[in-house]
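*Asks:* Have a look at this one before I ask anything.
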Amino acid sequence: MQFGVLGSGIIGLTTALELQQQFPSAQVSIIADRFNEDTVSYVAAGIFRPGTSFMGPTQEITQQWMTDAFNYWDELRRSKEAPLAGVCQLSGYIYSRTSPSIVRNHFIEKLLPVYRRATDEELRLCQGGWKYGSFFTTCLTESRLFLPYATNKFLENGGQVVRQHVKNFFDVQQNFDVLVNCTGMGAKELCNDQHLVPIRGQVLKVRAPWIKTAFYGDYDTYVLPGFETVTLGGCRQFDSYNTEWCKYDSMAIKERCYDLLPSLKKAEIVRECVGLRPHRAIVRVEPELVTNAEGRRLKVVHNYGHGGYGVTTAPGTAKYAVKIVREMLAGNSKL
């Protein structure tokens, strides 16, 4: 049995590892032209906190993705490999002056070990006159550590890595039993998918070791401590393909984050990063039988369109995608 995985970001790697786990005797290959620091995943802050608008094919399936993903990250966090994998526990606050619904999250309120209303005293921890707030405890995955960890694990399991830019599914040299498409924004060209839209994000990575708690405010403002740096964000620019750093976005992020936590003004800026999140209103995890002009057929399972929640949901959608792979091989998939 031979499987190919297109893409080596967090979606591709978790999918490849899941294939190795479910099909231990199979040969799994990752085919990509970008790895580690060249992927969008590398920029991500990696906190397990999905957006409430995130959506799979059904509400039930989406919730299952969340449950499977959190269990994966939490199990890894509890293991002795956690520091190497870059997974830790993190607590934080979500604040809003606008609406109590902003600080609620139906996906994770019952899933996380702690998700509760913030006290009046906690609302005053940060400047801003916050009216509403929640406190929660979750997992954080530092992609800068997890991506090489997952790659090494994949190779140790006998996986192969092929460096190739794939413009067409039939460009792939090997005859795979199933090809899993985890190409993120690359799927726009590969699948001619007009529903896939980039949401541009920009963040600052600063050295602020005294920040041990995550904070969210209105207008996509967040402060997320990681293993070595603290991520300050952010912005969500719909349908923007600009991968260049913007000084005006940087100024706005600093202003909002410094207002939230004035001590950040003395933090050293380590780097500034830009990424294009591959957003789809309904995340695409489904089978397709692709046929070319010569009549050659290829079994494909798509797994892309996670937007800014790739790290959060990757293990959950990987598990679901591999379930579809098994159904395709058994002839039970709904094509």
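The values are calculated or read from the model by the stated rules, or taken from the named source; none is laboratory data. Remember, it's a predicted structure, so these values are computed and weren't measured experimentally. Accessible surface is based on the protein model in full, side chains and every heavy atom, while ligands, DNA and RNA are left aside. Shrake-Rupley method; radii C 1.70, N 1.55, O 1.52, S 1.80 Å.
*Asks:* What is the P(r) of region 234-317, as percent of Cα-Cα pairs per 5 Å bin from 0?
*Replies:* 3, 10, 15, 14, 13, 13, 11, 7, 4, 3, 3, 2, 1
*Asks:* Which entries of LYS80/LYS266; LYS212/LYS265; LYS80/LYS265; LYS188/LYS247; LYS205/LYS247; LYS212/LYS247 have Cα-Cα distances beyond 25 Å here?
*Replies:* LYS80/LYS266; LYS80/LYS265; LYS188/LYS247; LYS212/LYS247
*Asks:* Determine one quarter of the surface area of the Cα convex hull of region 91-216, which equals its mean projected area, and express it in nm² to one decimal.
*Replies:* For the Cα atoms of region 91-216, the hull's average projected area reads 12.5 nm².
*Asks:* With every protein chain present, what is the per residue accessible area of the chain (1.4 Å probe, Å²)?
*Replies:* Solvent-accessible surface per residue comes out at 47 Å².
*Asks:* On to the next question. Taking the Cα atoms of region 58-151, what is the range of coordinates along each of the three principal axes, in descending order and whole Å?
*Replies:* 44, 33, 19 Å, listed from the longest principal axis down.
*Asks:* Based on the Cα gyration tensor of region 124-187, what are the three equivalent ellipsoid semi-axes, each the root of five times an eigenvalue, rounded to whole Å and given largest first?
*Replies:* Calculated on Cα positions only, the semi-axes equal 42, 18, 10 Å.
*Asks:* Roughly what % antiparallel, to the nearest 5, for the DSSP beta bridges in the chain?
*Replies:* Percent antiparallel among DSSP bridges in the chain is about 70.
*Asks:* Region 2-331: D in µm²/s via Stokes-Einstein (Kirkwood Rh, Cα pairs, 37 °C, 0.692 mPa s)?
*Replies:* Diffusion coefficient, whole number: 161 µm²/s.
*Asks:* Let me ask something else about it. Work the Kirkwood hydrodynamic radius out for region 33-104: mean of 1/r over every pair of different alpha-carbon atoms, inverted, in Å.
*Replies:* It works out to 14.9 Å.
*Asks:* Within region 2-331, what whole-number % of the accessible surface is contributed by carbon and sulfur, with the 1.4 Å probe and all protein chains included in the calculation?
*Replies:* 49
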